[in-house]
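A.B. asks: The structure is given below, and queries will be raised subsequently.
The values are calculated or read from the model by the stated rules, or taken from the named source; none is laboratory data. Since we're looking at a predicted model, the values are computed, not measured. Every residue, glycine as well, gets a Cβ built from its backbone with ideal geometry; the counts of neighbours run over all protein chains shown.
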Amino acid sequence: MNIRILGTGSGMPSKALNCSSILVQSQNKTYLLDAGEGISKMFLQLDLAPDDLDAIMISHYHPDHIGGLFLLIQMLYLAKREQPLHLFLPEREQDFLAILTMFYTFPEKFGFQLQIHPLSQVSEFFPDVIAQINDHLHGYREIISKNALKNEMKAYSIRINSPKGAFVYSSDISTTDSIRELVDGAHTVVVDAGHPPAEQIIQLEDFGIRRVLLTHEPSPELRQLLQENPRPSFEHAIEGVLYNI
Ligand SMILES: [Zn+2]
């Protein structure tokens, strides 16, 4: 399995970093996990062809995880993609289609079939992929219920299994509690090092993970903990670098 992290930045834009996006090639499939701003440029820099992607999976609807998706879809359309594209969304698939229409990117004009599914069903299409709900958006409960909004607070973490080992992308999480089962025995985990308490991230070393890649600009507390007591299995995720399992 090849894992290339295309964006490691957080919700606050930075001069040097793209927003969240990871390209995974495993067992003859190519998956894009999240599509933050900068993804189309990275796609071109890697010389990917318009038909290379098998599926795009969006973990949740924060702008730094989906902000690049509309331009990516437009690029695939203009570059004359032909293969069907599976797009897995965390919630509200019909509203997403309405946004595409609002942006004058009409799926019926595409030369490829855009097949939109709930991310919860990803294993039915790609049995090596597991998507599991996490706790990242639960803090919005009050504002959503007060205003009777349609937001479903669905945010996912994603695991991809392969014969050589498993890869997990936590995406954004509030605590590591909701990914404990998902990361168990995984070879490589890309973990949100900005939101969960630093002590919880350090505890990931108890789950037999070979490599923990820290993304989303680690908190000052985590940086200090790792400086005082370096762990060989913990690394800072670097954009563009190819990680193998
Ligand atoms: Zn988020």
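A.B. asks: Tally time: how many residues in segment 115-140 are over 15 Å from residue 61 (Cα atoms) and surrounded by fewer than 14 Cβ atoms within 10 Å (Cβ to Cβ)?
C.D. replies: The qualifying residues number 6.
A.B. asks: Please report, ordered by residue number, the strands (runs of 3 or more DSSP E) entirely within segment 192-245 with at least 3 residues that are under 27 Å from residue 47 (Cα atoms).
C.D. replies: 211-215, 242-244
A.B. asks: Considering each residue of segment 165-198, count those that are surrounded by fewer than 20 Cβ atoms within 10 Å (Cβ to Cβ), more than 14 Å from residue 59 (Cβ to Cβ), touching a His at 6+ places or on another chain (Cβ under 9 Å) and modelled with pLDDT under 95, and give that number.
C.D. replies: Within segment 165-198, residues that are surrounded by fewer than 20 Cβ atoms within 10 Å (Cβ to Cβ), more than 14 Å from residue 59 (Cβ to Cβ), touching a His at 6+ places or on another chain (Cβ under 9 Å) and modelled with pLDDT under 95 number 2.
A.B. asks: Could you list all residues from segment 15-30 that are at negative phi, touching a residue at least 60 places away in the same chain (Cβ under 8 Å) and more than 10 Å from the chain's Cα centre (by Cα)?
C.D. replies: Selection gives 17, 18, 24, 26, 29.
Yes/no per residue for (1) touching a residue at least 60 places away in the same chain (Cβ under 8 Å); (2) on the phi > 0 side of the Ramachandran plot; (3) in a helix (DSSP H, G or I):
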| position | (1), (2), (3) |
| --- | --- |
| 127 | no, no, no |
| 132 | no, no, no |
| 141 | no, no, yes |
| 144 | no, no, yes |
| 158 | yes, no, no |
| 165 | yes, yes, no |
| 173 | no, no, no |
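A.B. asks: Can you name every residue in segment 4-23 that is more than 16 Å from the ligand (Cβ to nearest atom) and surrounded by fewer than 24 Cβ atoms within 10 Å (Cβ to Cβ)?
C.D. replies: Hits for segment 4-23 are 4, 15, 16, 23.
A.B. asks: Moving to a separate point now. Go over the candidates 112, 106 one by one and state the one that is surrounded by fewer than 20 Cβ atoms within 10 Å (Cβ to Cβ), touching a strand residue (DSSP E or B) at 6+ places or on another chain (Cβ under 9 Å) and among the hydrophobic types (A, V, I, L, M, F, W, C).
C.D. replies: Values: 106 fails: touching a strand residue (DSSP E or B) at 6+ places or on another chain (Cβ under 9 Å).
Of the residues listed, the single one that is surrounded by fewer than 20 Cβ atoms within 10 Å (Cβ to Cβ), touching a strand residue (DSSP E or B) at 6+ places or on another chain (Cβ under 9 Å) and among the hydrophobic types (A, V, I, L, M, F, W, C) is 112.
A.B. asks: How many residues, within segment 201-232, are surrounded by 14 or more Cβ atoms within 10 Å (Cβ to Cβ) and farther than 14 Å from residue 172 by Cβ?
C.D. replies: So the count comes out to 11.
A.B. asks: Just to check your reading of the model, which residue among 191, 212, 168, 183 is touching a Phe, Trp or Tyr at 6+ places or on another chain (Cβ under 7 Å) and closer than 23 Å to residue 122 by Cβ?
C.D. replies: Numbers: 191 fails: touching a Phe, Trp or Tyr at 6+ places or on another chain (Cβ under 7 Å); 212 fails: closer than 23 Å to residue 122 by Cβ; 168 fails: touching a Phe, Trp or Tyr at 6+ places or on another chain (Cβ under 7 Å).
Unique residue meeting the criteria: 183.
A.B. asks: To continue, here is another question. Among the residues of segment 32-53, which ones are buried (at least 18 other Cβ atoms within 10 Å of the Cβ) and either among the hydrophobic types (A, V, I, L, M, F, W, C) or away from the ligand (no atom under 14 Å from the Cβ) (or both)?
C.D. replies: Within segment 32-53, the subset buried (at least 18 other Cβ atoms within 10 Å of the Cβ) is 32-40, 42-43, 50, 53.
Hits for segment 32-53 are 32, 33, 35, 38, 39, 40, 42, 43, 50, 53.
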